[in-house]
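Please read the structure below before turning to the comments.
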Amino acid sequence: MTECKTHQLASLAVGIGAGATAMTFLPGIDWTIIGVTALSGYVGGLLADVDDEQSLNFRIVQTLSKMAAVLVPSIQFFYRPTDLVLGVALSLFLVSNFWVVLHNLLKQGKRSHSVIAAVCLSLGVSWVAYLTTNSLAAVPAFLAAATGYLVHLLLDDLNTKANPEQNRPADTDSALSLMGKGNTLELYGLLTIGLVCVVALWGI
């Protein structure tokens, strides 16, 4: 629980920092993009625990995705009706069993604790950010989510070094490894998520 609180505080700090950075270096952008960027940084900092359904971080991500399932189509209905079909599709996707499938895919190994997972899952956050606001949010949201994710992995490494007696053998490798540990199916699953998001974002 202490580790979860550390991750949540770090994620909150990354989110606030990402929002402040966007406001500083992208003058004139809409406040909604700043807010979505900040939220992306927060969510990115919790995503690595998608392999642990008992984790509070995982439950927070699930709750936020359900909120997004309502908010995204609502926003598009009023402000961007041309993207409403995409918004409804995303909404159905977020309230489906996607998180359960992703959890079951990744729980066998430590693929979610890797740099490749940080990139692929952050692309997913970026896509949701785009559908929530507009194309200007895609890059800031991706950078914020990826930063939060990597901070989470760094904190895991620091905790491993500080408390080596608490670690299982599978946890001894660095969380900042490129591919992580796990079977090939997990890796292909992550790469598929990343590829789908890249294709979706490429069209904007």
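See the values below:
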{"read-out": "Asp52-Thr24 FRET efficiency (beta carbon distance; Förster radius 30 Å; 0.05 resolution)", "value": "0.30"}
{"read-out": "Distance (nanometres) between label positions extended 7 Å along Cα→Cβ at Trp31 and Gln62", "value": "3.4"}
{"read-out": "Förster-model FRET efficiency, 45 Å R0, Ala13 and Tyr188, C-beta, rounded to 0.05", "value": "0.85"}
{"read-out": "Full-extension gain in nm, Leu176 to Ser135, via 0.36 nm per residue minus C-alpha separation", "value": "11.8 nm"}
{"read-out": "Segments 146-156, 27-37 sorted - mean Cβ within 10 Å per residue, highest first", "value": "146-156, 27-37"}
{"read-out": "Added length on full extension, which subtracts the Cα-Cα distance from 0.36 nm per residue, Thr6 to Trp202", "value": "67.1 nm"}
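No lab work stands behind these numbers, since they all come straight from the coordinates. None of these values were measured; they are calculated from a predicted model. So basically every Cβ, Gly included, is an ideal-geometry build from the backbone, and we count neighbours across all protein chains shown.
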